[in-house]
Amino acid sequence: MTNRRALIFDWLLVLAWMAIIFAFSSQAHSGEVTRQYFGSFNILLRKTGHVSEFALLFLLLQRALKHTVGGALALTLTASVLTILYAVSDEYHQSFVPGRTSSIYDVAVDSAGIMLALLILRIRGYFLAAVKSCKS
């Protein structure tokens with residue numbers, strides 16, 4: 001895949017994932033619906049979903065930004081800021097959806113996805129380094 005095609009593909013993945021998050025956030029009264037199925041585990045499962053979906057958004061943003069942002073720190077900070085801004089916009093959007101609420105707490109939960117993604121990347125780095133040293 002050429003550089004330009006890879007850039008376009010990576011940003012299409014980001015936009016597609018943002019659209020999926022938006023669709024989930026647009027579901028009216030979703031908390032009450034999932035509570036019927038999951039009972040006392042409802043909040044835990046929903047918050048785990050928030051962390052996971054924003055961890056993936058962060059990873060996709062990092063992948064897309066690698067084409068234009070130089071340096072690991074700049075890449076991480078840029079992807080983090082964009083992820084948090086999308087979390088804020090997601091909460092604002094939810095304030096207009098019937099049966100949904102907007103909460104700064106949920107932005108914090110969404111932002112925890114960044115930490116999960118960074119942990120995954122760190123573990124992946126250790127694993128790849130170990131595999132490489134075993135081959136040597």
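Computed from the coordinates by the stated procedures, all read-outs in this text should not be read as laboratory data. Computed from a predicted model, the values in this text were never measured in an experiment. Quick reminder, even Gly has a Cβ in these numbers, built from the backbone with ideal geometry, and neighbours come from all protein chains shown.
Brief remarks on what is shown
- Charge dipole (debye, nearest 20) of the chain; +1 at Cβ of Lys and Arg, -1 at Cβ of Asp and Glu: 680
- Counted as membrane-span-like here are DSSP H helices of the chain whose alpha-carbon atoms extend 24 Å or more along the helix's own axis and whose Kyte-Doolittle mean is -1.0 or above; these are 3-25, 42-65, 72-94, 104-135.
- Modelled FRET efficiency - R0 25 Å, S136 with A72, Cβ distances, 0.05 increments: 0.55
- Estimated from helical segments only, the mean residue ellipticity of the chain at 222 nm is -28500 deg cm²/dmol, where each DSSP H run of four or more residues counts as -39500 (n - 2.57).
- Considering only A130, A64, F9, and ranking their Cα positions along the charge dipole of the chain that arises from unit charges at the beta-carbon of Lys, Arg, Asp and Glu, the one farthest toward the positive end is A130.
- Once the Kirkwood radius over Cα pairs is known for the chain, the Stokes-Einstein relation at 37 °C and 0.692 mPa s delivers a diffusion coefficient of 200 µm²/s.
- Reducing region 11-52 and region 100-136 to their Cα centroids gives an inter-centroid distance of 19 Å.
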